[in-house]
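Single-structure report; data block below.
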Amino acid sequence: MLLRIRLFTALTLLAALFVPASWSGAAPMRSAAPERPGIPVDVELVIAVDISYSMDPEEQALQREGYIKALTSREFLQALRQGINGKIAVTYFEWAGYSERRVVVPWRLIEGPESADAFVGEIAAAPYRRAARTSISGAIEFGAALFEGSGYRGIRRVIDISGDGANNNGQLVTVARDEALAKGITINGLPIVAKRLNYATMDIEKLDVYYEDCVIGGPGAFVIPIESRDKFIEATRTKLVLEIAGRMPPARVIRVAADKPRVSCTIGERLWQERWGN
């Protein structure tokens with residue numbers, strides 16, 4: 001079931017997550033992934049961050065600050081402690097076009113405030129970069145491959161993708177998505193819809209719908225659109241807490257019918273071809 005969460009419910013969502021599952025009737029989600037070797041953790045989380053030229057410097061800074069503050073927030077650390085293992089494994093990489101994927105922080109174990117601080121310290125120390133094109137499919141492929149050498153064994157494996165545009169490079173995003181889902185990986189989305197549409201950067205209307213229908217998938221997959229710049233940190237924190245907690249309060253979720261895409265999943269490729277002819 002694909003889920004869409006509106007940001008105005010963020011505080012209610014966060015509060016609801018800290019009610020034990022036995023009280024709320026909600027059960028933690030489990031992936032169907034086979035048993036794998038490695039250190040047991042609640043989640044193996046790949047954070048995939050867009051650095052394409054359509055992301056202006058302010059958006060890049062807000063995006064990074066969102067992850068830094070979210071990973072050290074009280075809500076995140078409380079959700080972490082409530083997991084079966086009380087720890088997660090995380091890696092953080094940046095992506096743009098198909099050939100532009102770079103790991104900023106390799107796999108790290110987060111099990112409390114000190115390890116969380118160390119992880120975000122590595123993110124903060126990395127120089128900012130920007131690159132051409134937008135290959136969400138390439139980010140999904142790269143992120144899925146990172147699980148193979150993680151050294152951890154998560155109850156769930158999640159790719160967390162943030163970005164502000166549609167796929168226009170690499171293979172079709174739906175193909176990459178389906179290949180990842182077949183491996184038992186869940187893909188969640190944080191589409192940035194806060195800026196005014198710009199033809200020069202090939203922005204599309206309803207990017208959140210595009211993410212819902214074409215990008216995300218897997219058990220409990222969801223999208224949290226960032227609808228204003230002052231909501232970057234809140235949205236990122238909400239998404240990470242939901243991913244770590246591994247369950248959704250059903251009463252606070254707007255369910256999305258997904259029988260067929262409401263927006264073309266090749267819209268990014270079409271816009272690129274119309275503008276550049278290749």
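The values are calculated or read from the model by the stated rules, or taken from the named source; none is laboratory data. Everything quoted here is computed from the prediction, not taken from an experiment. Glycine also receives a Cβ, built like all others from the backbone with ideal geometry; neighbour counts cover every protein chain displayed.
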Problem set entry | Pairs, first on the phi > 0 side of the Ramachandran plot in the stretch 130-154, second assigned to a helix (DSSP H, G or I) and modelled with pLDDT of 95 or more, C-beta under 8 Å, six or more apart | none
Seminar exercise, completed: Filter the stretch 181-209 for residues that are in a loop (DSSP other than H, G, I, E, B) and at pLDDT 90 or above; the one that is surrounded by the fewest Cβ atoms within 10 Å (Cβ to Cβ) is Lys183
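Here's the yes/no breakdown for (1) more than 17 Å from Phe147 (Cβ to Cβ); (2) at pLDDT below 95; (3) not aromatic (Phe, Trp, Tyr):
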{"position": "Phe18", "(1), (2), (3)": "yes, yes, no"}
{"position": "Ser22", "(1), (2), (3)": "yes, yes, yes"}
{"position": "Arg30", "(1), (2), (3)": "no, yes, yes"}
{"position": "Arg36", "(1), (2), (3)": "no, yes, yes"}
{"position": "Gly66", "(1), (2), (3)": "yes, yes, yes"}
{"position": "Glu75", "(1), (2), (3)": "yes, yes, yes"}
{"position": "Ile88", "(1), (2), (3)": "no, no, yes"}
{"position": "Tyr98", "(1), (2), (3)": "yes, no, no"}
{"position": "Arg101", "(1), (2), (3)": "no, no, yes"}
For this session: With the condition kept exactly as written, say whether any residue in the stretch 158-180 is charged (D, E, K, R), assigned to a helix (DSSP H, G or I) and either surrounded by 24 or more Cβ atoms within 10 Å (Cβ to Cβ) or in contact with a strand residue (DSSP E or B) (Cβ under 6 Å, 6 or more places away or on another chain) (or both).
Result: yes
Problem set entry | Residues (among the acidic types (Asp, Glu) and touching a residue at least 40 places away in the same chain (Cβ under 8 Å)) located in the stretch 117-129 | Asp117
Exercise. Out of the residues in the stretch 222-237 that are buried (at least 21 other Cβ atoms within 10 Å of the Cβ) and either within 17 Å of Ala139 (Cα to Cα) or among the polar types (S, T, N, Q) (or both), which is modelled with the highest pLDDT?
Worked result: Val223
Exercise. When you look at Arg81, is it at pLDDT 90 or above, farther than 20 Å from Ala144 by Cβ, crowded, with 16+ Cβ neighbours inside 10 Å and not hydroxyl-bearing (Ser, Thr, Tyr), yes or no?
Worked result: no
For this session: Can you confirm whether the stretch 36-58 contains a residue that is within 23 Å of Gly138 (Cα to Cα) and among the aromatic types (Phe, Trp, Tyr)?
Result: yes
Exercise. Of all residues in the stretch 238-278 being assigned to a helix (DSSP H, G or I), surrounded by 17 or more Cβ atoms within 10 Å (Cβ to Cβ) and touching a helix residue (DSSP H, G or I) at 6+ places or on another chain (Cβ under 6 Å), which is modelled with the lowest pLDDT?
Worked result: Ala245
For this session: Would you confirm whether any residue within the stretch 77-89 is in a helix (DSSP H, G or I) and out of contact with any helix residue (DSSP H, G or I) (no Cβ under 8 Å at 6 or more places or on another chain)?
Result: yes
Problem set entry | In the stretch 100-132, residue surrounded by the most Cβ atoms within 10 Å (Cβ to Cβ) [restricted to those that are of a type in the set (D, E, K, R) and part of a loop (DSSP other than H, G, I, E, B)] | Glu100
For this session: Go through (1) crowded, with 21+ Cβ neighbours inside 10 Å; (2) part of a helix (DSSP H, G or I) one by one and return the number of the condition Leu146 breaks.
Result: (1)
